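Enquirer: Below is one structure. I have some questions about it.
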């Protein structure tokens, strides 16, 4: 039968074939119990978590949990309203204040998810006749933001400064320009040369948006991200971030120094036409963000974990996404989807959870096993993880 | 640059991307006949943009399905 679902047939077939061999479904894992930021019971097995983006391990922080419980008691389970109607509580203001302080910026706007933050800001800021110049490896939320707006969309090759500059220079005189970059690219865990790219963008009269979802909390002296680390945060017009990684809950935000920034609250549709975050979420987020301001030791330990795992996997003969650890994401490149899925399952049976990433989410049609480290992983756990990779890699025939 | 001269230049640029040596006419489609995947499209578009010093935005690319439409678009974009 042919109907609107026929276009999904190739994907349905791919999945059916994969699962027919007894493969556990990589996209249907259930965590029955979560013990800590680094351990859970998955599909019935005690498992070390190495694919959660829970970089700073804030999900079980006692102060964070207490703040959430208190907010449930004081403000109830949800706001049942938009930020511009009945959905702005004291906690929403408080978390925006915490963000302004964290980034040292004048304005902060909180969205219900990180996805909506990109969707909303990009589609609203760049309108008809404007140009968006963006890295080809940008996250889906950035692409969807471009698609939702009416601007002309001009991609350039990943991290290629010259390709970006050429495109900026070809934009017709007088058109508005927005350059969209990410601090850390989440598929390979590589970082952007923001210092040079932002200089080029500014020289060509563009505004700059940087998504720092995967760097907040631990890259840069104050954990403000890659732009801070490279000394160019003051040049960034919009920083996009999320609460669902280092902050340890859910939600998204944009911080900015633009004097007219607040008007976005009235014109940004993904901000207006959705319910605001529940009080418990914004209270956990602001408590977590304030603790992340003083997390220097945790940052140092997370870097140590990332470097040790990168070196360890490399020494065992795995092919990795970057030459050295550039972030807390270590991407292990698989020969193909079948081997990648087999390796993913072998690791799960060893007691290790990582992310299986496949095209079209990945660059260059790669299949990746993506590991994201946590500041709460112990040095011993990291060694255990390397041993699990070695055994699974040999069993599957990758090393 | 007129259509003939533009077409000749594009014919030279597309050659290394036409890995299967498909015979190209104005009616050839990039996705179907030439089997260009998204990565090939990006590299090919970049090569065209650099040669003619133009921008072919994603919005414009969405309207270009055939080789002939590409030539027409490049002629137009050169102004």
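Here, each number is a calculation from the coordinates, and none is a lab measurement. The shown structure was predicted, so the numbers you read here are calculated from the model rather than taken from an experiment. Methodologically, a virtual Cβ is constructed for each residue, glycine included, from the backbone with ideal geometry; neighbour enumeration extends over all protein chains shown.
Enquirer: Only one of these conditions is not met by residue A:387: (1) part of a loop (DSSP other than H, G, I, E, B); (2) without any contact (Cβ under 8 Å) to a residue 24 or more places away in the chain; (3) away from chain B (no Cβ under 14 Å). Which number is it?
Expert: The single condition residue A:387 does not satisfy is (1).
Enquirer: Of the residues A:255, A:267, which single one is under 19 Å from residue A:81 (Cα atoms) and either touching a residue at least 40 places away in the same chain (Cβ under 8 Å) or out of contact with any strand residue (DSSP E or B) (no Cβ under 9 Å at 6 or more places or on another chain) (or both)?
Expert: Working: A:255 fails: under 19 Å from residue A:81 (Cα atoms).
Going through A:255, A:267 in turn, the sole match is A:267.
Enquirer: Is the stretch A:114-133 home to any residue that is within 14 Å of chain B (Cβ to nearest Cβ), more than 19 Å from residue A:239 (Cα to Cα), in contact with a helix residue (DSSP H, G or I) (Cβ under 9 Å, 6 or more places away or on another chain) and part of a helix (DSSP H, G or I)?
Expert: no
Enquirer: Residues in the stretch B:42-64 that are more than 22 Å from residue A:150 (Cβ to Cβ) and more than 9 Å from every other protein chain (Cβ to nearest Cβ): how many?
Expert: Final tally of qualifying residues: 5.
Enquirer: Then there is this: If I filter the stretch B:19-37 for residues that are within 12 Å of another protein chain (Cβ to nearest Cβ) and farther than 21 Å from residue A:165 by Cβ, do I get at least one hit? Give the derivation first.
Expert: Applying the first criterion (within 12 Å of another protein chain (Cβ to nearest Cβ)) to the stretch B:19-37 yields B:37.
Those still in the list that are farther than 21 Å from residue A:165 by Cβ too: B:37.
Scanning the stretch B:19-37 turns up at least one residue that is within 12 Å of another protein chain (Cβ to nearest Cβ) and farther than 21 Å from residue A:165 by Cβ.
Enquirer: Moving on to the next point. Would you confirm whether any residue within the stretch A:315-324 is in a strand (DSSP E or B), without any contact (Cβ under 8 Å) to a residue 24 or more places away in the chain, in contact with a strand residue (DSSP E or B) (Cβ under 9 Å, 6 or more places away or on another chain) and crowded, with 16+ Cβ neighbours inside 10 Å?
Expert: First pass over the stretch A:315-324, keeping only residues in a strand (DSSP E or B): A:320.
Filter again for without any contact (Cβ under 8 Å) to a residue 24 or more places away in the chain, leaving A:320.
So of that shortlist, the ones also in contact with a strand residue (DSSP E or B) (Cβ under 9 Å, 6 or more places away or on another chain) come out as A:320.
With crowded, with 16+ Cβ neighbours inside 10 Å added as a condition, the list becomes A:320.
The answer is yes, given that some residue of the stretch A:315-324 is in a strand (DSSP E or B), without any contact (Cβ under 8 Å) to a residue 24 or more places away in the chain, in contact with a strand residue (DSSP E or B) (Cβ under 9 Å, 6 or more places away or on another chain) and crowded, with 16+ Cβ neighbours inside 10 Å.
Enquirer: Scan B:11, B:73 and give me the residue that is without any contact (Cβ under 8 Å) to a residue 24 or more places away in the chain, surrounded by fewer than 14 Cβ atoms within 10 Å (Cβ to Cβ), more than 13 Å from every other protein chain (Cβ to nearest Cβ) and closer than 24 Å to residue A:166 by Cα.
Expert: Sole residue among the options that is without any contact (Cβ under 8 Å) to a residue 24 or more places away in the chain, surrounded by fewer than 14 Cβ atoms within 10 Å (Cβ to Cβ), more than 13 Å from every other protein chain (Cβ to nearest Cβ) and closer than 24 Å to residue A:166 by Cα: B:11.
Enquirer: Separate question: Could you name every one of the strands (runs of 3 or more DSSP E) located completely within the stretch A:146-250 that has at least 1 residues being within 14 Å of chain B (Cβ to nearest Cβ) and more than 24 Å from residue A:323 (Cβ to Cβ)? So that I can check it myself, show each step before the final result.
Expert: Details: elements: A:152-156, A:177-182, A:207-211, A:238-242.
The qualifying strands (runs of 3 or more DSSP E) are A:152-156, A:177-182.
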